[in-house]
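Just so you know, all these numbers are worked out from the coordinates, no wet-lab data involved. Treat the numbers as computed from the prediction; the structure is a model and nothing was measured. Methodologically, a virtual Cβ is constructed for each residue, glycine included, from the backbone with ideal geometry; neighbour enumeration extends over all protein chains shown.
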Amino acid sequence: MSHRFSNLYKQLRRRWFYGFLSTLVAVGLVVSTPQSAPAIPWGELILRGIQVVQLSSISDQQEVSLGSKINEQLISQNEIKLYANSSVKQYVNSVGQRLVPESDRPNIAYTFQVVEDSALNAFATMGGYVYVTTGLLKAADNEAQLASVIGHEIGHIAEKHALKQMREAALTQGALTRRVL
């Protein structure tokens with residue numbers, strides 16, 4: 001009789017163990033099952049793709065037009081203040097225009113602006129827009145130094161650096177949008 005109780009005890013213990021093990025496996029599966037991935041926002045990704053393609057295949061005329069809009073925006077939103085001295089503006093323009101025929105993109109119209117700012121700085125947007133600060137003009141010892149800086153900025157336009165930055169920003173924005181969703 002004790003043998004019967006012993007077998008019954010082993011049988012119950014084995015069933016309890018298998019039941020516990022089954023429950024443990026089920027809980028593990030539920031906890032470790034990955035959440036379903038969110039739907040990919042195809043519409044937004046397609047729009048970003050179109051934007052990247054458009055920026056990749058922009059014509060010189062479209063680039064100049066876009067540069068003009070950026071220039072207008074910089075001025076209208078008071079991000080820059082153009083220097084009013086016409087003789088200084090003419091001087092910077094003449095230095096810049098002498099460099100244009102030697103650039104890799106002499107076929108676009110370049111616009112040279114003087115920005116009223118004490119910082120030693122110059123920058124270029126796209127479409128031939130070059131900006132030189134009054135602080136840089138005061139620091140330049142001679143015309144050759146000014147020409148060197150303006151030539152550097154013309155190089156950015158020739159290499160379409162601003163367009164490349166916009167294209168990269170569009171790609172990054174698309175990737176970030178996808179990660180957020």
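Just add up the charged neighbours of ILE157: K/R +1, D/E -1, any other residue whose Cβ is under 10 Å from the Cβ of ILE157.
The answer is -2.
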Q) Once you put a point 7 Å from the Cα of LYS160 and another 7 Å from the Cα of ILE70, both along the Cβ direction, what distance in nm separates them? A) 1.3 nm
(Q) As a quick test, which of the pairs LYS81/LYS164; LYS69/LYS160; LYS81/LYS138; LYS81/LYS160 have an alpha carbon distance above 21 angstrom in this structure? (A) LYS81/LYS164; LYS81/LYS160
Q: For THR111, enumerate residues with amide H under 5 Å from its amide H, sequence gap 5+ or separate chain, H modeled in the peptide plane.
A: TYR129, VAL130
Q.
Suppose we look only past 19 Å in the calculated P(r) of the range 72-126. What percent of the Cα-Cα pairs does that tail hold?
A. 35 percent
Q: For the range 110-163, build the charge dipole from Cβ charges (+1 Lys, Arg; -1 Asp, Glu) around the Cα centre, then report which of ALA124, ALA158, ALA147 sits farthest towards its positive end.
A: ALA158
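Among ARG98, ARG105, rank each residue by its count of other Cβ atoms within 10 Å, from fewest to most, as a rough exposure measure.
Starting with the residue having the fewest Cβ neighbours, the order is ARG98, ARG105.
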Q.
Give me MET126, MET166 sorted ascending by neighbouring Cβ count inside 10 Å, so fewest comes first.
A. MET166, MET126
